[in-house]
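The values are calculated or read from the model by the stated rules, or taken from the named source; none is laboratory data. As the structure is a computational prediction, the values presented were derived from the model and not from experiment. For neighbour counting, all protein chains shown are included, and Cβ atoms are generated from backbone atoms with ideal geometry for every residue, glycine included. Keep in mind that these areas ignore ligands, DNA and RNA; they rest on the heavy atoms of the full protein, side chains included. Shrake-Rupley method; radii C 1.70, N 1.55, O 1.52, S 1.80 Å.
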Amino acid sequence: MTTEATSGILSSDRREDREQIIELLTKAYWMEIETVMSYITNSINPDGVRAQEIIESLKADVQEELGHAVAFGNRIKELYGVVPGSLDFAAEQSYLQPPEEQTDIVHVIKGVIAAESGAIEHYNKIIEFTEGRDPVTQDMVIAILRDEEQHRRLFEGFLREYKAEGLA
Ligand SMILES: [Fe+2]
Ligand SMILES: [Fe+2]
């Protein structure tokens, strides 16, 4: 009787694959955490009548992105990894810092599209790497990718409206 997994990504001879997947998942985890921070900021700061739609949308997204972070964290643990502590965090989302004017909604919309595009790019990378290696991680990331594509599409629609009026 063995206590070790003998097939699949948890088996002992798949350690190298696991480590690479954990690295990809850790980056994804931090991206989600930073997105939560940025979306909280940008769901509070904007001013103006037209800001309200963005605020409501980002408020809902905060919860969704938080759920993604937890999902990535859980998968890291399932693969025998350790979810990193806050001292390992390094911010990257320069494009989602508060604008000069809090009525500058186009700045926020473009920042959100940039964040979602970054996530979409990285998650496609994970989906490619896990192909034939780890179907469970792949399945999870495919579902998360759809959420990000929905977010991106929604904000592209917001931007379209501003573009049509010559404001973006
Ligand atoms: Fe997310
Ligand atoms: Fe998202």
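Within the range 30-58, the set of residues being more than 20 Å from E101 (Cα to Cα) and either in a loop (DSSP other than H, G, I, E, B) or without any contact (Cβ under 8 Å) to a residue 40 or more places away in the chain (or both) comprises just one member, V36. With the structure loaded, tell me whether G81 is within 11 Å of ligand 1 (Cβ to nearest atom), of a type outside the set (S, T, Y) and either under 19 Å from H151 (Cβ atoms) or not in a helix (DSSP H, G or I) (or both) or whether it fails that test. Taking the combined requirement at face value, the residue does not satisfy it.
Would you mind stating whether E149 is in a helix (DSSP H, G or I), of a type outside the set (A, V, I, L, M), more than 16 Å from R75 (Cα to Cα) and more than 14 Å from ligand 1 (Cβ to nearest atom)?
Working: in a helix (DSSP H, G or I): yes; of a type outside the set (A, V, I, L, M): yes; more than 16 Å from R75 (Cα to Cα): yes; more than 14 Å from ligand 1 (Cβ to nearest atom): no.
So E149 does not fit the description; no.
Among the conditions (1) within 16 Å of ligand 1 (Cβ to nearest atom); (2) within 17 Å of G85 (Cβ to Cβ); (3) not hydroxyl-bearing (S, T, Y), the only one that E23 does not satisfy is (1). For the range 100-113, indicate whether the set of residues that are surrounded by 13 or more Cβ atoms within 10 Å (Cβ to Cβ), part of a helix (DSSP H, G or I) and of a type in the set (D, E, K, R) is non-empty. The answer is yes, given that some residue of the range 100-113 is surrounded by 13 or more Cβ atoms within 10 Å (Cβ to Cβ), part of a helix (DSSP H, G or I) and of a type in the set (D, E, K, R).
The residue that is farthest from the chain's Cα centre (by Cα), among those in the range 26-47 that are open to solvent by 40 Å² or more (accessible area, probe 1.4 Å) and more than 16 Å from ligand 2 (Cβ to nearest atom), is D47.
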